[in-house]
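J.: Take a look at this one; I'll ask things after.
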Amino acid sequence: MLGVIINRFKQGFKTLSYPKEIPSFPKRFRGKPITPVDLGECLFNEGAATYSQDYRMAVSKREDLNFKGDEVKLAAAFNEKMRKIFGRSLKLREVCAGSCSGCDAEIAAMGNIVFDLSRFGVQFVASPRHADGLMITGPVTKNMESALKKTYEAMPHPKIVIAVGACALSGGPFRGSKEVNNGVDSLIPVDLYIPGCPPHPLTILDGLLRLLDKLPAR
Ligand code: SF4
């Protein structure tokens, strides 16, 4: 037992001090492009664009994903009424609507000790009846269409929708297939669009904290 305690002390504090400090990213990290591209469709593969190390890309409107090579119009904060309701406690239900699981793995990573999502008052719940919002991955396959609509309808008002990853934003690599819906907003309204294939956990966290107005002024 003593060995376990000593070991625990040796490990130290693992949680990032984000958002106070921004961690450095590995050289191969592909953040916000520096050449024009539709962030909603971008799969962040080599050759499609030139990329920076800027992880901040979440926006409030689909048209703001149309990146022209300048600044991205990042997501706006909730209004005061919504901040009062969700600011200290936001419960999300995650729906995988036909994703490859890449985006879901990054969402799951937000709960580990490095990112520790719950310190911001954001938690995942098991039922849409207990949720304030949906976090959706995948292009919304035809098989998942009615399940997604029912899940959305089961949430109480007010409710929000967060689309995560190129598939949820535009269909991603499956865009145009007759088996998919080319993204969430073809079926239900979206409040936050988070680009990436998959997005880094800090890209998702940045979008959430922008909505909740919890980012320090820089
Ligand atoms: S956006 Fe990329 S990582 Fe995410 S579900 Fe689609 S293919 Fe997978």
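The values are calculated or read from the model by the stated rules, or taken from the named source; none is laboratory data. Worth saying up front: this structure is predicted, and the values here are computed from it rather than measured. Note: ideal-geometry Cβ built from the backbone for every residue, glycine included; neighbour counts use all protein chains shown. SASA here: full protein model, heavy atoms, side chains in, ligands and nucleic acids out. Shrake-Rupley method; radii C 1.70, N 1.55, O 1.52, S 1.80 Å.
J.: Restricting to segment 187-218, and then to whatever is of a type in the set (Asp, Glu) and part of a loop (DSSP other than H, G, I, E, B), can you tell me which residue is nearest to Leu117 (Cα to Cα)? Give the steps one after another, and end with the answer.
T.: Residues of segment 187-218 that are of a type in the set (Asp, Glu), as a first pass: 191, 206, 213.
Next, only the ones that are part of a loop (DSSP other than H, G, I, E, B) stay: 191, 213.
Working: Asp191: 19, Asp213: 15 Å.
Applying the filter and picking the extreme gives Asp213.
J.: With respect to Val4, is the statement that it is over 19 Å from the mean Cα position of the chain (by Cα) and of a type in the set (Val, Ile, Thr) true?
T.: So Val4 passes the test.
J.: Let me ask something else about it. If I ask for residues that are open to solvent by 50 Å² or more (accessible area, probe 1.4 Å) and either in contact (Cβ under 8 Å) with a residue 60 or more places away in the chain or not hydroxyl-bearing (Ser, Thr, Tyr) (or both), which ones from segment 92-105 would you list? Break it down into steps so the answer makes sense when it comes.
T.: From segment 92-105, those open to solvent by 50 Å² or more (accessible area, probe 1.4 Å) are 93-94, 96, 100-101, 105; that's our starting set.
Within segment 92-105, Arg93, Glu94, Cys96, Cys100, Ala105 qualify.
J.: Now for a separate question. Residue under question is Leu117, and the condition is that it be farther than 14 Å from Ile188 by Cβ, open to solvent by less than 60 Å² (accessible area, probe 1.4 Å), out of contact with any Pro (no Cβ under 8 Å at 6 or more places or on another chain) and at pLDDT 95 or above; does it hold? Give the derivation first.
T.: Numbers: farther than 14 Å from Ile188 by Cβ: yes; open to solvent by less than 60 Å² (accessible area, probe 1.4 Å): yes; out of contact with any Pro (no Cβ under 8 Å at 6 or more places or on another chain): yes; at pLDDT 95 or above: yes.
Yes; evaluated as a whole, the condition is true for this residue.
J.: Anything in segment 44-76 that is aliphatic (A, V, I, L, M) and either outside any loop (DSSP other than H, G, I, E, B) or within 15 Å of the chain's Cα centre (by Cα) (or both)? List them, or say none. Even if it seems obvious, please write down each step before you answer.
T.: Looking only at segment 44-76, we keep the residues that are aliphatic (A, V, I, L, M), and these are 48-49, 57-59, 65, 72, 74-76.
Of everything in segment 44-76, those that are aliphatic (A, V, I, L, M) and either outside any loop (DSSP other than H, G, I, E, B) or within 15 Å of the chain's Cα centre (by Cα) (or both) turn out to be Ala49, Met57, Ala58, Val59, Leu65, Leu74, Ala75, Ala76.
J.: Which of the residues belonging to segment 110-142 are acidic (Asp, Glu) and closer than 19 Å to Pro156 by Cα?
T.: Matches in segment 110-142: Asp132 only.
J.: Give the residue that is nearest to the ligand (Cβ to nearest atom), with candidates limited to residues of segment 168-184 that are open to solvent by 20 Å² or more (accessible area, probe 1.4 Å) and not aromatic (Phe, Trp, Tyr).
T.: Pro173
J.: While we're on this one: Would you list the strands (runs of 3 or more DSSP E) that sit entirely within segment 77-148 and hold 1 or more residues that are under 16 Å from Leu169 (Cα atoms) and away from the ligand (no atom under 15 Å from the Cβ)?
T.: By residue number, 133-137.
J.: Suppose we filter segment 3-27 for residues that are assigned to a loop (DSSP other than H, G, I, E, B) and open to solvent by 100 Å² or more (accessible area, probe 1.4 Å); how many remain?
T.: 6
J.: While we're here: Tell me the residue from Val72, Val59, Val37 that is free of Cβ contacts under 8 Å to residues at least 40 places away in the same chain, open to solvent by less than 60 Å² (accessible area, probe 1.4 Å) and farther than 22 Å from His157 by Cβ, please.
T.: Numbers: Val72 fails: free of Cβ contacts under 8 Å to residues at least 40 places away in the same chain; Val59 fails: free of Cβ contacts under 8 Å to residues at least 40 places away in the same chain.
Exactly one residue qualifies, and that residue is Val37.
J.: Test each condition in (1) at pLDDT 95 or above; (2) open to solvent by less than 30 Å² (accessible area, probe 1.4 Å); (3) within 16 Å of the ligand (Cβ to nearest atom) for Ala49 and report the one that comes out false.
T.: (1)
J.: For segment 203-218, how many residues are surrounded by fewer than 20 Cβ atoms within 10 Å (Cβ to Cβ) and within 16 Å of the ligand (Cβ to nearest atom)?
T.: 0
J.: Now for a different question. Cβ contacts < 8 Å: first residue free of Cβ contacts under 8 Å to residues at least 12 places away in the same chain, restricted to segment 117-141; second residue surrounded by 14 or more Cβ atoms within 10 Å (Cβ to Cβ), any location; separation 6+ or different chain. Result?
T.: Final answer for the pair search is Ser118/Gly111.
J.: If I filter segment 186-202 for residues that are open to solvent by 10 Å² or more (accessible area, probe 1.4 Å), under 23 Å from Lys84 (Cβ atoms) and within 16 Å of the ligand (Cβ to nearest atom), do I get at least one hit?
T.: yes
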